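Trainee: Next up is a structure, given as structure tokens.
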There are 2 protein chains.
Amino acid sequence: MSWRKEERRAERGYHHGNLKEALLQAALGLIAEKGAAGFTFADAARMAGVSAAAPYRHFRDRDELLSSIAQRGFEQFESRLTAAWDDGRPDTVTAFERVGRAYLAFAREEPAFYNAMFESGLPVDANAALQAASERAFNVIRAAAERLAALAPPGTPRPPAMMMALHIWSMAHGVASLFSRGDAARRKLPMSPDELLEAEVLIYLRGLGFTTDRRPPAKGAEPPPVPPEAPSGSSVPPGGPWGKPK
Amino acid sequence: MSWRKEERRAERGYHHGNLKEALLQAALGLIAEKGAAGFTFADAARMAGVSAAAPYRHFRDRDELLSSIAQRGFEQFESRLTAAWDDGRPDTVTAFERVGRAYLAFAREEPAFYNAMFESGLPVDANAALQAASERAFNVIRAAAERLAALAPPGTPRPPAMMMALHIWSMAHGVASLFSRGDAARRKLPMSPDELLEAEVLIYLRGLGFTTDRRPPAKGAEPPPVPPEAPSGSSVPPGGPWGKPK
DNA sequence: AGCTCATGTGAACGACCTTTACATGAGCCG
DNA sequence: CGGCTCATGTAAAGGTCGTTCACATGAGCT
């Protein structure tokens with residue numbers, strides 16, 4: 001199966017044609033396998049079928065390749081969070097929790113990106129573009145928090161949206177880092193990371209005075225075009241947000 | 001200032017006498033400086049004044065040194081959390097929050113340990129002793145959560161202590177990872193990581209039905225030996241747990 | 001057809017990790 | 001005290017990496 005070097009070269013000619021992209025893909029695979037620490041520039045070059053020096057025509061050094069991947073990761077992250085938020089449809093709380101699940105899903109399904117973004121040890125502010133991409137992703141959470149904060153029950157002081165966003169981010173990140181990745185996922189838990197985060201966010205929102213039970217989907221009925229955002233439910237889901245304690 | 005090799009050797013003789021400990025200390029310093037990724041076995045050996053092969057008499061390989069440090073870190077972590085918890089004195093909620101602050105303080109003040117424990121990428125379950133030490137540290141949080149859960153207000157379903165512990169752990173870990181370490185700490189925040197976590201935990205506890213304002217310390221009065229644990233305060237601190245929104 | 005410049009090669013350097021054969025000397029036993 | 005032994009150190013060597021440099025190739029423009 002494995003081509004010898006000459007055959008491979010013969011097949012693609014002296015110039016690769018798309019080496020930059022090939023290197024990014026190779027690195028992504030290697031990071032997924034062995035983590036950002038175990039990934040080597042030389043391996044990526046081998047996998048793309050070029051010499052060890054070739055990558056330097058496309059990346060200043062190994063770190064720049066890594067941070068390119070992190071940046072791409074933040075872009076995909078932002079796009080998934082945005083899709084999950086779906087501009088707050090069908091209602092703010094439901095959409096908000098969907099964002100939380102999307103956070104965990106990303107950590108689970110894109111371990112290579114997540115690793116490069118959060119666990120590779122590269123400084124966020126090394127690259128301006130990287131930092132900007134990271135901020136755009138956070139802004140999705142922040143915008144969602146703004147909408148949520150605007151729904152704060154009357155009579156209570158309105159929580160600062162920025163603080164809410166940071167809180168939610170820290171919860172999602174904490175759960176993802178501790179329980180939803182690689183070996184850490186092997187810790188035995190009484191519930192899935194998704195359930196854990198969902199309960200955590202629900203309890204938190206209740207602590208802010210939100211009524212967090214969503215109305216059951218009306219069968220066959222379309223959701224109203226502009227759902228009346230006044231919380232409609234009564235109080236607490238039976239058994240609390242964590243389900244029935246046995 | 002820097003001894004030449006022969007002089008150093010002359011001073012300490014052929015045998016170092018305490019190399020294992022010296023290597024651990026050297027590694028700790030190097031990790032604090034350059035992160036677990038940037039730390040090298042050879043550097044630690046140099047710093048201890050021995051050849052590059054000497055460390056292999058005390059550690060199977062570089063990873064074993066790293067995991068020794070992580071293990072030591074978990075032990076110190078446990079001891080600091082235990083001290084902060086102080087068996088729930090003067091009252092459970094106060095002590096609980098002190099544990100949260102201790103978590104952040106550890107991340108801030110012992111970056112080398114924290115790095116080895118949580119950011120070095122070494123699998124937690126590689127080493128049985130390491131895993132055990134990690135679990136002992138978590139058990140401090142868990143025990144505190146048990147006590148807290150026992151105080152759940154009557155009439156509401158009692159939250160599972162294990163879940164509470166996991167929630168608090170994820171919050172502390174999320175805040176520490178995102179905002180309280182190295183470059184990440186440079187993200188501009190509307191409040192300090194400590195305040196952020198404290199508000200987060202308070203809101204969470206309120207969401208569970210706890211009354212989280214502590215009584216003001218009676219001036220000059222000793223705290224009662226066994227504080228009556230029935231929540232004594234009335235409701236919400238003025239302005240909510242996050243202080244006055246401006 | 002010929003030029004140019006982006007892109008790839010091979011060789012080389014120094015640093016690191018790790019293994020192997022050998023050196024040293026501290027502690028014990030007679 | 002003399003000698004043995006074994007834990008602990010050293011030097012040397014092999015393999016991998018990251019990185020640089022002089023040089024080769026050929027795609028695309030003139």
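Trainee: Let me check the size of segment B:23-177 from its C-alpha atoms; what are the radius of gyration and Dmax in Å?
Mentor: 18.1, 67
Trainee: Between A:Arg158 and the same site in the other copies, what are the distances in nm, shortest first, taking label points 7 Å from Cα along the C-beta direction?
Mentor: The projected label point of A:Arg158 is separated from its counterparts by 4.0 nm.
Trainee: If each residue's Cβ is checked for other Cβ atoms within 10 Å, how do A:Thr211, A:Thr40 rank with the fewest at the top? Please list the in-between numbers first.
Mentor: Values: A:Thr211 17, A:Thr40 14.
If I rank by nearby Cβ atoms, fewest first, I get A:Thr40, A:Thr211.
Trainee: Label-to-label distances across copies for A:Ala37, with labels 7 Å out along Cα→Cβ, in nm, shortest first?
Mentor: Spelled out, the distances from A:Ala37's label point are 1.1 nm.
Trainee: Turning to a different aspect of this structure: How far apart, in nm, are two points set 7 Å out from the Cα along the Cα-to-Cβ line at A:Arg147 and at B:Ala129?
Mentor: My value for the distance between the label points is 5.3 nm.
Trainee: Note down the nm distance, to one decimal, between modelled labels 7 Å out along Cα→Cβ at A:His15 and at A:Met47.
Mentor: 2.5
Any read-out appearing in this document is the output of simple, stated calculations on the displayed coordinates, not a laboratory observation. Computed from a predicted model, the values in this text were never measured in an experiment. Cβ coordinates were reconstructed from backbone atoms using ideal geometry, including for glycine residues, and neighbour counts include every protein chain displayed.
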